[in-house]
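A.B. asks: Take this structure first; my questions come after.
The values are calculated or read from the model by the stated rules, or taken from the named source; none is laboratory data. Quantities reported herein were computed from a predicted structural model and do not represent experimental measurements. Heads up, the Cβs are rebuilt from the backbone with ideal geometry, glycines too, and the neighbour counts pull from every protein chain shown.
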Amino acid sequence: MASMKFNKVYLDSSYSVVSKLEANGNIKNYDYVIDDYYFGLKTFEGAEIKMQRIVIDYLLTKNKNMDLIVGGDLSNQLAITSYMASKYDISYLGSYSACATFNSSIITLASLIEANKIKNGIAITSSHNKVAERQFRYPIEYGAPKAKRSTYTATGSCGVIVTKNNTNIKIESATIGKSIEMGIKDSMHMGAVMAPAAANTLSEHLNDLKRDISYYDLVLTGDLGIYGSKILKELLSKDYNIKLKNHIDAGSILYKKEQELYAGSSGPVSLPLVLFNKILKEKKYKKILVLATGSLHSQMFVNQHKPIPAICHAISLEVL
Amino acid sequence: MNKADYKKMIKKYTPKEDVLKNALMAFVSGGVVGVISTIIYVIFLRFEFDVTSATSYTLVILILLSSLLTGIGCFDKLVEKFKCGIIIPITGFAHSITSSAIDSKKDGMITGIGASTFKLAGSVLLYGIVSAFILAIIKVVFYG
C-alpha cells in the first residue's frame, strides 16, 4: 500500500459554507450559511457551484498565489467542481473518491508540494443533498420512506489552502487506500460498505509507518454513520487486533439526534466540516488521523445488483 | 473475515425496520384514502352523476389533490408519516408522475419533462398493461 511522509506541507485557512440544516446541527459557527437549497439560483446544481465559488473566492483573498485547485464532488463527471473551476484562471485537477474526495485532493496537493512542483494549492469539495438525491435516488419531491440505516447527504462546501509555508497544522503523512469490496450490495447501508475499507487503510497505515494506534490522540472517520462506526470497531478488534478508543465519526455527530436524519450525514463535505469547524477549533488533539471513507457505487451498478467497492484514504495531521 | 462472515456480522448492526408498525399505519392510512374517495363518490352520485362518471371524477379529484400536494412540497412529508397507504392507491401514482415532472423541469421540455415524467410510473403502466393483456386472453380463452 502507498504510505508516504511529508516534511514541509501545511494546512492554512479553510472556509465552510453550509445549509441551514447543518447550521442547526451540533456544530456552530460555520463561516457562511445559505438560506435555502436554491441559494438564489434556478437549479440545485447551480447552487452547489455557487457554494464552491464562495469558498474559493474567500480563500483567494487569503492568498492570491494559487498554483492549483484539486477537488471534486458527487455529481456525474465531476460537473459541479469543473464548472466552478471554469471561473478561475488557475490550473484545475478533478478528483473523485466519492466521500473520500477531500483526502484524495489533499494527498495529491501534498505530494506535489513535497516534490517542489508547486507552492500553494486549494483542496475543495462539496455535496448538495438535492443534487445527490436526484442523481442517486428518487426525484426530490418523491416521498420514498427512508430506511433507518440510510444516511442523509449533507449540503455544503469546504475548502482549505495546502501550502509549503509554515502554519500550525502540518500534514505529517498519508496513506492511499485500496478499493475494497466485501459483497455488500445495499447502497442504503453505506456504513457497512465502507467500514472494511476504513479498517484496511487504518491497519496498513499503522503497519507502514510502524506505529501503534495509541500514537494518535484521535481517529476521525468520514461518514460511516452510527452503525458503520460500530461495524468498524468490531472489524478492527476481530480482524486486525486494534482497539479503537479515541474515535469520532464526522457523519454521526454533524446533525443533532432530534433532527432524526437516520444513521447520520454522508457526503464528501461531512468530514472537512467537522474537522475544521470542531476538531481543529477545539485544540484538544495534537495528532489526528483523518480517515475519509467513500462508497464507490454508481446508479448503474446498483441497478445491476453488483456488490459495492469502497475506498478510504488517510492523512495524519499534527497540530503544532 | 471472509465475505460470508462479514455479511453475518453486519446483520447485528443493521437496525430493524418497524415492519408491523409501518404496515399497520399503511393499512389505516390506505383505508382513510378509501373512505375519502367513497365520500367524494357518494357526493357525486347525490348530484345525479351516473356511476361511470362519478368514478372517473372521484379519481380525477384524488389525482388533482395528490399532484397539488406534491407541487407545494407536502406529499413527501405525508408519506414519511402515513407510509405506503398513500403510495399504493392512485394518489401515489399521480405523485410519482408529478414529482418526476417537477424534478426534470429544468432539463428541458423534451430531454427533461418529456423523457423523465414517466421515469417512476413507467413500470406501473407497462406491467399494468401487460397483466391486463394476459388476463384478457385468459378471460377470452376460458369464458368466451
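A.B. asks: Out of the residues in the range A:97-143 that are among the aliphatic types (A, V, I, L, M) and part of a strand (DSSP E or B), state the one that is surrounded by the fewest Cβ atoms within 10 Å (Cβ to Cβ).
C.D. replies: If we take residues in the range A:97-143 being among the aliphatic types (A, V, I, L, M) and part of a strand (DSSP E or B), then A:A123 is surrounded by the fewest Cβ atoms within 10 Å (Cβ to Cβ).
A.B. asks: Let me ask another. A:M188 is checked against (1) in a loop (DSSP other than H, G, I, E, B); (2) away from every other protein chain (no Cβ under 14 Å) and fails just one. What number does that condition carry?
C.D. replies: So A:M188 meets the others, but not (2).
A.B. asks: Next question. Name the helices (runs of 4 or more DSSP H) wholly within the range A:242-320 that hold at least 1 residues that are among the aliphatic types (A, V, I, L, M) and out of contact with any helix residue (DSSP H, G or I) (no Cβ under 8 Å at 6 or more places or on another chain)?
C.D. replies: Once the helices (runs of 4 or more DSSP H) in the range A:242-320 are filtered for at least 1 residues that are among the aliphatic types (A, V, I, L, M) and out of contact with any helix residue (DSSP H, G or I) (no Cβ under 8 Å at 6 or more places or on another chain), what remains is A:299-303.
A.B. asks: How many residues are among the polar types (S, T, N, Q) and closer than 14 Å to B:L64 by Cβ when one looks only at the range B:76-97?
C.D. replies: Going through the range B:76-97 one residue at a time, the tally reaches 1.
A.B. asks: Still on this structure, I have one more. Within the range B:1-34, restricting attention to residues that are facing another protein chain (nearest Cβ under 9 Å) and in contact with a Phe, Trp or Tyr (Cβ under 7 Å, 6 or more places away or on another chain), which residue is nearest to B:I61 (Cα to Cα)?
C.D. replies: In this case the residue turns out to be B:P15.
A.B. asks: (1) more than 14 Å from every other protein chain (Cβ to nearest Cβ); (2) at pLDDT 95 or above: which one isn't true of A:N29, the others all being true?
C.D. replies: (2)
A.B. asks: When you scan the range A:257-273, do you find a residue that is modelled with pLDDT of 95 or more and of a type in the set (D, E, K, R), even just one?
C.D. replies: Scanning the range A:257-273 turns up no residue that is modelled with pLDDT of 95 or more and of a type in the set (D, E, K, R).
A.B. asks: Consider the range B:28-68. How many of its residues are under 15 Å from B:I86 (Cβ atoms) and surrounded by fewer than 15 Cβ atoms within 10 Å (Cβ to Cβ)?
C.D. replies: Residues that pass the stated criteria total 7.
A.B. asks: State the number of residues belonging to the range A:258-270 that are more than 14 Å from every other protein chain (Cβ to nearest Cβ) and more than 13 Å from A:V18 (Cβ to Cβ).
C.D. replies: So the count comes out to 3.
A.B. asks: Right, here's the next one. Got a sec? Which of A:K28, A:K42 is within 30 Å of A:N166 (Cα to Cα) and exposed (fewer than 15 other Cβ atoms within 10 Å of the Cβ)?
C.D. replies: Step by step, each of A:K28, A:K42 is checked, and only A:K28 is within 30 Å of A:N166 (Cα to Cα) and exposed (fewer than 15 other Cβ atoms within 10 Å of the Cβ).
A.B. asks: Can you say whether B:K139 is within 13 Å of chain A (Cβ to nearest Cβ), on the phi < 0 side of the Ramachandran plot, without any contact (Cβ under 8 Å) to a residue 40 or more places away in the chain and not small (G, A, S), as far as the supplied structure shows?
C.D. replies: Considered against the rule, which asks whether it is within 13 Å of chain A (Cβ to nearest Cβ), on the phi < 0 side of the Ramachandran plot, without any contact (Cβ under 8 Å) to a residue 40 or more places away in the chain and not small (G, A, S), B:K139 comes out as no.
A.B. asks: Then there's this: Which is exposed (fewer than 14 other Cβ atoms within 10 Å of the Cβ) and out of contact with any Gly (no Cβ under 7 Å at 6 or more places or on another chain), of B:I113, B:I138?
C.D. replies: Just a single option satisfies the conditions, and that option is B:I138.
A.B. asks: Looking only at the range B:85-106, which residues are within 18 Å of B:V19 (Cα to Cα) and surrounded by 19 or more Cβ atoms within 10 Å (Cβ to Cβ)?
C.D. replies: Result: B:G85, B:I86, B:I87.
A.B. asks: Here's a follow-up. Does B:G114 satisfy the condition of being of a type outside the set (F, W, Y) and either part of a helix (DSSP H, G or I) or more than 8 Å from chain A (Cβ to nearest Cβ) (or both)?
C.D. replies: yes
A.B. asks: Grab the strands (runs of 3 or more DSSP E) fully contained in the range A:1-61, keeping just those with 3 or more residues being in contact (Cβ under 8 Å) with a residue 24 or more places away in the chain.
C.D. replies: In the range A:1-61, the matching strands (runs of 3 or more DSSP E) lie at A:2-5, A:10-19.
A.B. asks: For the range A:1-51, how many residues meet the condition of being touching a strand residue (DSSP E or B) at 6+ places or on another chain (Cβ under 7 Å) and among the β-branched types (V, I, T)?
C.D. replies: 5
A.B. asks: Let me ask another. Among what's in the range A:191-230 and is surrounded by 18 or more Cβ atoms within 10 Å (Cβ to Cβ) and assigned to a loop (DSSP other than H, G, I, E, B), pick the residue that is farthest from the other protein chains (Cβ to nearest Cβ).
C.D. replies: Taking the candidates together, the pick is A:Y216.
A.B. asks: Being modelled with pLDDT of 95 or more and buried (at least 16 other Cβ atoms within 10 Å of the Cβ) is the filter here, so list the residues in the range A:295-306 that pass it.
C.D. replies: Residues satisfying the conditions are A:S295, A:L296.
A.B. asks: Output the residue which, of all residues in the range A:68-83 that are outside any loop (DSSP other than H, G, I, E, B) and in contact (Cβ under 8 Å) with a residue 40 or more places away in the chain, is surrounded by the fewest Cβ atoms within 10 Å (Cβ to Cβ).
C.D. replies: A:N76
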